[in-house]
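Chemist: So that we are looking at the same thing, I have put the structure below in C-alpha cells.
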Amino acid sequence: MRTLSHQEARRTYDRIGSLQDSQGFYEDRATALVVQHGNFACAESVFEFGCGTGRFALRLFEHHLSDTARYRGIDLSQKMIRLATSRLAAYSSRAEVILTEGDPPVDEPAGHYDRFVSNYVFDLLAHEDIRAVLREAHRMLRPDGLLCLSGLSNGFDRTSRFVAGAVSWTQTHCPSLVGGCRPVELLPFLQASEWQVLHHSKVSAFGVPSEIVVAKRC
C-alpha cells in the first residue's frame, strides 16, 4: 500500500491545520491510555515524533509533567509547528518544537530522553520508515526509558473492522481524504530483544479502532 511522501504529507497537514484537533473524538480515548501507562510524572525529558498542534504536549504540561521536565517535539508541517508553538507558549522555557523534513530523528542525542512518544503518526509511515524511527527511538532513550505509541489499527469487532476497512480503502484510492492514514499493527514492529512491552491494548471510539503500546527499552 502506497503511503504519502514527506512532501505530500506536509501539504496535507499544512492544509488541515487546526482541524486536526477535531480527531480528538476518537484519539483521546487512546492517548489517555498512553498517559495512564506512560508514567509521565517521572519523566524529565520527553520527545514527541509528530507533535501536531501541540495538544498532547499541552496536556502533559498542564496535568502530568513535573515543573522541571523538558519537552521537544518535531513535525514536518509548518502549520502544525506554528500551532504547537502558540499552544505551548506558556511553557516556552521548557518546550521546543522543531520543523523537520519528516525523516527519522537521527540527529537527536543518544540516551537522552525518558519518553519517546508518537501518537497517530506511524499509521502514516511506510513499514521501513516505522522500523527506522523505532531504531532511533531505542537509541535516543535512556536505559529503561519508555516508548509510548498510539495509532489507527485493524478492527476487533464488527463495527471497528468495518471502519478500519473503509479507512484502508479510502487510503488506497484517495489518501488525502484520510490524511494518508491507514490501520497499522504496531506490536509486530517491536523486537523482543529491544523492547519489553508493558502495556498493549486496543480501543474503539465511535467505531474507530486504535492500538496503544507502551514498551520499556531493553
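Chemist: Return a yes/no flag: does region 124-135 have any residue that is at positive phi, surrounded by fewer than 22 Cβ atoms within 10 Å (Cβ to Cβ), in contact (Cβ under 8 Å) with a residue 60 or more places away in the chain and of a type in the set (A, V, I, L, M, F, W, C).
Modeler: No, region 124-135 contains no residue that is at positive phi, surrounded by fewer than 22 Cβ atoms within 10 Å (Cβ to Cβ), in contact (Cβ under 8 Å) with a residue 60 or more places away in the chain and of a type in the set (A, V, I, L, M, F, W, C).
Chemist: Could you check region 12-53 and list, in sequence order, the residues that are under 25 Å from K202 (Cβ atoms), outside any helix (DSSP H, G or I) and charged (D, E, K, R)?
Modeler: Matches in region 12-53: E48 only.
Chemist: Then there's this: With the checklist (1) at pLDDT below 85; (2) under 25 Å from C42 (Cβ atoms) in hand, flag the one item L147 doesn't pass.
Modeler: Among (1) at pLDDT below 85; (2) under 25 Å from C42 (Cβ atoms), L147 violates only (1).
Chemist: Right, another one. Residues of region 173-195 being modelled with pLDDT of 80 or more and of a type in the set (S, T, Y), which ones?
Modeler: If the condition is that a residue be modelled with pLDDT of 80 or more and of a type in the set (S, T, Y), then S193 is the only one that fits.
Chemist: Looking only at region 115-151, how many residues end up being over 9 Å from the mean Cα position of the chain (by Cα) and among the β-branched types (V, I, T)?
Modeler: Counting residues in region 115-151 that are over 9 Å from the mean Cα position of the chain (by Cα) and among the β-branched types (V, I, T) gives 2.
Chemist: Among what's in region 150-171 and is surrounded by fewer than 17 Cβ atoms within 10 Å (Cβ to Cβ) and either in contact with a Leu (Cβ under 8 Å, 6 or more places away or on another chain) or at pLDDT below 80 (or both), pick the residue that is nearest to S77 (Cα to Cα).
Modeler: Checked region 150-171; the qualifying residue nearest to S77 (Cα to Cα) is T170.
Chemist: Of everything in region 54-93 that's part of a strand (DSSP E or B) and touching a Cys at 6+ places or on another chain (Cβ under 8 Å), which residue is farthest from G38 (Cα to Cα)? Quick ask: steps written out before the conclusion?
Modeler: First, pick out the residues of region 54-93 that are part of a strand (DSSP E or B): 70-75.
Keeping just the survivors that are touching a Cys at 6+ places or on another chain (Cβ under 8 Å) gives 73-75.
Numbers: G73: 17, I74: 19, D75: 21 Å.
So, considering only residues that are part of a strand (DSSP E or B) and touching a Cys at 6+ places or on another chain (Cβ under 8 Å), the one farthest from G38 (Cα to Cα) is D75.
Chemist: Just checking, which of A9, A30, A43 is under 15 Å from N119 (Cα atoms) and crowded, with 18+ Cβ neighbours inside 10 Å?
Modeler: A30
Chemist: Restricting the first residue to region 1-13 and requiring it to be within 20 Å of T53 (Cα to Cα), which pairs with a second residue that is at pLDDT 85 or above and of a type in the set (A, V, I, L, M, F, W, C) meet a Cβ separation below 7 Å and a spacing of at least six or different chains?
Modeler: L4/L124; H6/L76; A9/L76; A9/L124; R10/L76; Y13/M80
Chemist: Within region 157-183, track down each residue that is closer than 20 Å to Q23 by Cβ, touching a residue at least 40 places away in the same chain (Cβ under 8 Å) and outside any helix (DSSP H, G or I).
Modeler: Matches in region 157-183: G179, G180, C181, R182, P183.
Chemist: Please verify whether E211 is of a type in the set (D, E) and assigned to a loop (DSSP other than H, G, I, E, B), treating the condition exactly as stated.
Modeler: no
Chemist: G207: touching a Leu at 6+ places or on another chain (Cβ under 7 Å), at positive phi and touching a residue at least 12 places away in the same chain (Cβ under 8 Å), yes or no?
Modeler: When the stated conditions are applied, G207 does not pass them.
The values are calculated or read from the model by the stated rules, or taken from the named source; none is laboratory data. Only a predicted model underlies this, so the values are computations on that prediction, with no experimental measurement involved. A quick note on method: Cβ atoms are made from the backbone with ideal geometry, for glycine too, and the neighbour counts reach across all protein chains shown.
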